[in-house]
Every structure is written in structure tokens, then in C-alpha cells.
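Heads up, the thing below is written out as C-alpha cells.
The values are calculated or read from the model by the stated rules, or taken from the named source; none is laboratory data. These figures come from a predicted structure and were not determined experimentally. Here the Cβ positions follow ideal geometry from the backbone for every residue, glycine too, while neighbour counts run over all protein chains shown.
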Number of protein chains: 2
Amino acid sequence: MGKVVNITEAASIGLHSMVLITQTKGQINVNEIAERTTSSKYHIAKILQKLVRDNYLTSQRGPAGGFALAKPPETISLLNIYESIEGEINLSECPINKPTCPFKKCIFGKMTVKMTRDFRDYLNSKYLSDFLDF
Amino acid sequence: MGKVVNITEAASIGLHSMVLITQTKGQINVNEIAERTTSSKYHIAKILQKLVRDNYLTSQRGPAGGFALAKPPETISLLNIYESIEGEINLSECPINKPTCPFKKCIFGKMTVKMTRDFRDYLNSKYLSDFLDF
DNA sequence: CTAATTTTGGTAATTAATTACTTAATTTAT
DNA sequence: ATAAATTAAGTAATTAATTACCAAAATTAG
């Protein structure tokens with residue numbers, strides 16, 4: 001089945017987990033996130049580590065430990081989360097990036113650039129505070 | 001680097017090769033396509049086989065053999081080519097497709113569906129005849 | 001008819017993403 | 001203090017996509 005929009009499992013886990021954490025009073029741990037998102041707890045743990053390093057999350061070990069937002073949900077955009085996991089979204093022209101292209105113009109016209117910009121704009125317009133009751 | 005729009009190497013090879021074939025008088029072979037697109041000739045051969053099976057290309061073996069369009073370029077859309085390689089583009093809601101989602105609504109709103117539809121519409125609006133001089 | 005060229009189709013190797021496992025470090029509760 | 005729960009970090013296993021290779025079939029040219 002042709003799948004055009006590529007949101008990796010990693011990015012999906014990051015975004016969904018962050019919304020769950022936002023909605024949770026106190027700490028929530030990897031096992032509960034894994035259960036609620038039907039994802040690998042190992043993978044979740046790896047990704048949340050990144051978000052901790054980038055200071056979007058705090059983590060606490062030990063019983064009743066887990067993760068919580070490191071700052072107010074009004075200050076963390078979906079784009080912050082996405083780019084923390086995937087790196088900066090590339091808004092450049094070519095969706096393929098070969099050393100050479102046989103054509104003068106891109107066969108995709110401006111479409112792929114537009115799609116990427118639309119996606120980036122959407123992520124940039126949404127903050128975790130928009131998902132408090134969701 | 002965050003890459004949102006996922007055009008596989010296979011789809012890219014199919015589309016670029018078909019445009020090259022369109023611009024070529026007579027037959028063009030895998031080696032020349034490989035050279036001009038800087039792609040693996042093995043991969044190209046595999047993908048063109050599919051397009052032959054789906055009747056968008058004719059192939060001829062032997063010296064001076066190669067590939068040519070099986071029908072007029074006005075009758076083959078980029079969408080035809082794309083879907084021949086990747087399967088039908090899925091316009092359904094969820095970009096992730098997990099057995100369950102913890103949320104009532106999609107955190108991506110309508111954005112991923114819109115992007116997919118935009119892409120599909122673009123491919124559907126372009127025919128190989130639009131790329132005769134390109 | 002023979003040699004060279006080219007696609008076909010099957011299979012193997014490589015690479016990147018995901019998932020799994022294991023040990024260590026930290027924290028809490030008893 | 002000790003045991004239990006939990007994250008951290010490193011590494012291994014699995015899977016899917018891509019790339020590579022090879023033998024067979026077909027075609028052309030001489």
C-alpha cells in the first residue's frame with residue numbers, strides 16, 4: 001500500500017508519549033505508556049531518553065518513578081518534540097537527493113516542498129497545552 | 001534530518017525512468033538509465049519489470065534492446081506509475097495504524113490526510129506527455 | 001549458426017530502522 | 001540496610017528496503 005507521509009515509529013512514539021505525559025498528573029512510566037500506545041517499551045524508553053536530554057522531560061527512577069514534563073505545556077510545540085527525535089525538518093527542494101538528476105526541473109514540481117512545509121507549519125502551530133483534554 | 005515525505009527509491013526510479021523513456025526515441029536500456037539517474041541498475045531492472053507486467057512498458061531483449069512506452073504518453077499518469085510500483089495510495093485517516101490509539105482524535109488533525117490527498121492529486125494531474133521537454 | 005547484448009527471474013548481501021535484552025544506577029518503601 | 005521498581009545505556013537480534021549477483025532466455029548482427 002503506497003504510503004506517502006512518513007512518520008517514523010520513533011516520531012510517533014515521541015509525540016504520542018508526550019501528549020500522554022501532558023495529560024497525566026504526576027509521573028507516568030514506560031510500561032504504562034507501552035500499554036496505552038501498543039508500542040515496544042524498549043523503543044519508548046530509548047526515545048524518551050532523548051527528550052530528557054533535550055530538556056523536554058524529567059525522569060525519575062525507582063518505584064512510582066517515571067516521566068513528567070520539564071516545562072509548561074504551553075512552551076513545548078509538537079515541532080520541538082518531532083525535531084528533538086528526527087532532527088531538523090529539511091525544507092530544501094529535492095525529495096530524493098541524488099548526486100545528479102537527469103532533468104532541468106523536479107518532476108514533483110513544488111508539491112513535496114509544499115507538503116513538507118504544511119506539515120512543519122502544523123507541528124509548529126500546536127503546543128502540548130492544546131492536548132490537555134484530547 | 002527529519003524527512004516527512006517518503007518517496008521510496010523504488011518509486012523515484014520508476015517515475016524518473018518513465019520520464020526518460022518518454023523523452024527517448026526508440027529504446028533505452030537499463031545501463032543508460034542507471035547512468036543518467038545515478039541509481040543501481042539492478043534495482044532499476046526490477047522496477048521496470050513491474051511496469052512491463054502492468055503494461056506501461058514494452059521491453060525487448062538483445063542488442064539495441066531496451067524499454068519503450070507501451071502506449072501514448074497522454075494516457076499514462078504519474079499516479080499510474082506510482083501505484084504500479086507502490087500499490088494504491090491509502091487515503092484513510094491514521095498515518096500510524098496501530099491496533100489501538102490512546103486518543104479520541106488524531107494528534108495530526110487532518111494534516112496527514114490532506115498531504116496524502118494533495119500528493120495523490122498532483123500525481124493524478126500529470127501525464128507523461130507533460131514531460132516531453134523537461 | 002555463433003557471439004554478443006540485453007531483459008528476466010531468482011537469490012544473496014547489505015544497510016537502516018525497529019525491537020529485544022541485559023546490566024548498572026537510582027530511588028522508594030519497609 | 002534491604003528489596004523492589006524504575007530509568008539509563010550499551011549491545012544484540014530482527015525485519016524491511018535496497019543493492020548486488022548470477023544463470024537463463026531472447027534477440028540481433030555478422
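When you scan region A:45-66, how many residues do you find that are hydrophobic (A, V, I, L, M, F, W, C) and surrounded by 19 or more Cβ atoms within 10 Å (Cβ to Cβ)? The total comes to 4.
Can you say whether A:Asp121 is within 13 Å of chain B (Cβ to nearest Cβ), out of contact with any helix residue (DSSP H, G or I) (no Cβ under 7 Å at 6 or more places or on another chain) and modelled with pLDDT under 95, as far as the supplied structure shows? Against the criterion (within 13 Å of chain B (Cβ to nearest Cβ), out of contact with any helix residue (DSSP H, G or I) (no Cβ under 7 Å at 6 or more places or on another chain) and modelled with pLDDT under 95), A:Asp121 does not qualify. Every condition in (1) part of a loop (DSSP other than H, G, I, E, B); (2) under 30 Å from B:Ile13 (Cβ atoms); (3) facing chain B (nearest Cβ under 10 Å); (4) not β-branched (Val, Ile, Thr) is met by A:Met115 except one, and the failing one is (1).
Each row is one residue, and each column tells you yes or no for (1) buried (at least 19 other Cβ atoms within 10 Å of the Cβ); (2) without any contact (Cβ under 8 Å) to a residue 24 or more places away in the chain; (3) of a type outside the set (A, V, I, L, M); (4) in a strand (DSSP E or B).
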{"site": "B:Ala68", "(1), (2), (3), (4)": "no, no, no, yes"}
{"site": "B:Glu74", "(1), (2), (3), (4)": "no, no, yes, no"}
{"site": "B:Tyr82", "(1), (2), (3), (4)": "yes, no, yes, no"}
{"site": "B:Ile107", "(1), (2), (3), (4)": "yes, yes, no, no"}
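Whether any residue in region B:23-44 is of a type in the set (A, V, I, L, M), touching a Lys or Arg at 6+ places or on another chain (Cβ under 6 Å) and over 30 Å from A:Glu86 (Cβ atoms) is what I want to check. Checked region B:23-44: at least one residue is of a type in the set (A, V, I, L, M), touching a Lys or Arg at 6+ places or on another chain (Cβ under 6 Å) and over 30 Å from A:Glu86 (Cβ atoms).
Select from region B:29-44 the residues that are away from every other protein chain (no Cβ under 13 Å), touching a residue at least 24 places away in the same chain (Cβ under 8 Å) and within 17 Å of the chain's Cα centre (by Cα) and list them in ascending order.
The answer is B:Val30, and nothing else.
Beta carbons closer than 6 Å, at least 6 apart along the sequence or on distinct chains, pair a first residue in region B:3-28 that is free of Cβ contacts under 8 Å to residues at least 12 places away in the same chain with a second that is surrounded by fewer than 17 Cβ atoms within 10 Å (Cβ to Cβ) for B:Asn6/A:Asn6. Being under 19 Å from B:Asn6 (Cβ atoms) and more than 10 Å from chain A (Cβ to nearest Cβ) is the requirement here; does B:Glu88 meet it? For B:Glu88, the condition - under 19 Å from B:Asn6 (Cβ atoms) and more than 10 Å from chain A (Cβ to nearest Cβ) - is not met.
Taken over region B:29-44, the residue count meeting the criterion of being surrounded by fewer than 17 Cβ atoms within 10 Å (Cβ to Cβ) and within 8 Å of DNA strand D (Cβ to nearest atom) is 4.
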